[in-house]
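Read the figures in this text as sums done on the coordinates, not as results from a lab. All values reported here derive from a predicted model rather than from experimental measurement. Cβ sites come from the backbone with ideal geometry, for glycine too, and all protein chains shown count toward neighbours.
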Amino acid sequence: MRVQFIYPSFERHAQSHPELLEFVPADEYLGGAGLGIASMAAVTPKHIDVAFHDDRVVPFPVDTAPDADLYAFSFFTPAATRAFELADQLRARGKKTVCGGIFPSMMPDEAGKHFDAVVTGEGEGVWDEVLADAQAGKLKPRYRQMQPFDVTKLPPPRVDLYVENESPHLKPDDYPLQLSRGCPLSCDACVIPGTLGKSLRVVPHDMLRQSLANLAKLGKRAALTEDTSFFFYSGARRHFREFLKILRDDPRPSYDKISYVGISAPMILSIDPELLKELIESGVDRFYLVGGFDPITRGAFGWGDPVARAKMERVIDRCQEFKIDPYVSFLVGNDGDDEGVFDRMLDFCAKTKIDKCEFAIMTPYPGTPVWNRMVAEDRIISRTWKHYNDANVTFKPKNMTPERLQRGYVDLWRGFYEGRKDIAGREHHARTVQF
Ligand code: B12
Ligand code: SF4
């Protein structure tokens, strides 16, 4: 049996808005594929052949498609448009298709219109059944992993499949390393509790050690993408500290081990100096500081709350004091944002002298609490999934027009980067570093 995995393409910021190309070109650095396919390939029995195609690098050639018994797609919302197009074409040629990932988990009925089978939630628990059914020619329309998957049984993801498929246009120097799965909170705009479940499960250190060794062999750094690492729930923070020791004992130079740690503003203020020191000793020199989900960034920029603004300045001071580069992802379009949000962000950037950041438009991703609210309030203005990429306004904002929000977003990129080096620190011809 042969399974062809496909990672469908999606638009980066500057592909949606070519006027941004000067600051954030779309074509040079695309980021690695999410770990969905690497995770499913890792639990595919050895006797089954697997192949991987990254449609962002070379469009998947439907007419000359490599023969396979099953075409397996993984996608999040921005890639759904392309996933549907490819699946429709494959099925028109009599091929069998299955999909999983964030969008199929949140919108199984919509995905089901285009695929023979849809897997919702973590795929590991049902993948054997999918493969057996596909081999017997009896795919079912839905497969659902009901219980949170036991992460102590996870093999390291097959990132090697991605690396084999790299090209000069897609050569990420890092890949995500998941320290945990799931989250017990339910932030307005987040899909994690809905896809990976509400129980926070930490991945055993042996598996992390092995994944780190695999990345090292492939010459790649790890990106720690989960903000849940800093939680006290389920011993996540203790687990994280122990992981930092593993990282510290890894003899490679710091730069080769880790690229960034995802975190939020309140977390930066809540972690003790001891932990900050441990982060530095383990080679961490960049935070990917996600804004717009928490009360500090919402208040500081959305409506100019002076207390929140002072806290946000402390966040940057703290990073600078510990020599951790804060790469801030600013989000605009929350319901609390008024038209002053754009100026407040630029003013903050100037005052704190941060030299690199990104700007994103709040996007009501299907299945999240904010999506449910906006559907109920009849505020969704676009269901073109490829526009759900944080670069387009897909809903009616509360305190401004959609056009004002769209213009404000483009002006933020221009306002920040015009007259200075681009997002990659070069005079011209940028490469994006966002994830
Ligand atoms: C790495 C990453 C990226 C990578 C890869 C993207 C991707 N497709 O995942 C890159 C760099 C491309 C990326 C870009 C963006 N990202 Co991103 N990213 C992530 C991140 C941090 C990790 C993804 C990951 O590897 N997860 C681990 C894997 C194992 O989980 P999983 O994919 O859900 O897979 C499991 C199941 O879904 C299922 N499954 C998955 N695929 C398949 C396939 C089959 C066949 C089967 C059976 C099962 C199955 O089984 C898997 C194992 O249990 C997530 C956060 C997160 N924790 O998921 C955000 C996340 C996916 N990104 C997000 C967003 C919004 C973006 C951006 C749009 C904006 C931004 N600023 O980040 C940009 C895109 C475009 C742009 N405008 O420039 C959102 C997506 C929201 C949504 N509903 O789609 C997330 C969830 C972050 C968040 N909390 O909001 N991102
Ligand atoms: S944004 Fe972070 S804390 Fe909030 S629900 Fe998502 S994973 Fe949990």
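Per-structure values
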read-out	value
Separation between Cα centres of the stretch 78-156 and the stretch 355-427, rounded to whole Å	29
Fraction of antiparallel bridges per DSSP, the stretch 94-221 only, in percent to nearest 5	35
Free-standing Cys, the chain [no other Cys Cβ under 4.7 Å]	99, 183, 319, 349, 357
About the Cα centre, charge dipole magnitude for the chain (Lys/Arg +1, Asp/Glu -1 at Cβ), debye	600
Computed [θ] at 222 nm, helices only, for the chain once each DSSP H run of length n ≥ 4 contributes -39500 (n - 2.57)	-10000 deg cm²/dmol
Other-chain or far-sequence residues with amide H under 5 Å of residue 180's (modelled H)	203
Alpha-carbon Rg with Dmax, taken over the stretch 249-396, Å	17.2, 55
The chain - share of DSSP beta bridges that are antiparallel (%, nearest 5)	10
Nonlocal amide H pairs with residue 286, under 5 Å, H built at 1.01 Å	261, 325
³J(HN,Hα) computed for each position of the stretch 284-301 - Karplus, 6.51 cos²θ - 1.76 cosθ + 1.60, integer Hz, glycine/proline x	6, 10, 9, 9, 9, 8, 7, x, x, 9, 10, x, 5, 5, 4, x, 4, 9
DSSP bridge orientation in the stretch 174-417 - percent antiparallel, rounded to nearest 5	15
Tail fraction, Cα-Cα pairs, the chain, threshold 32 Å, whole percent	37
For residue 392, distant residues with modelled amide H under 5 Å away	361
Of 226, 110, 164, the one that fluctuates the most in a GNM where the chain has Cα springs shorter than 10 Å	164
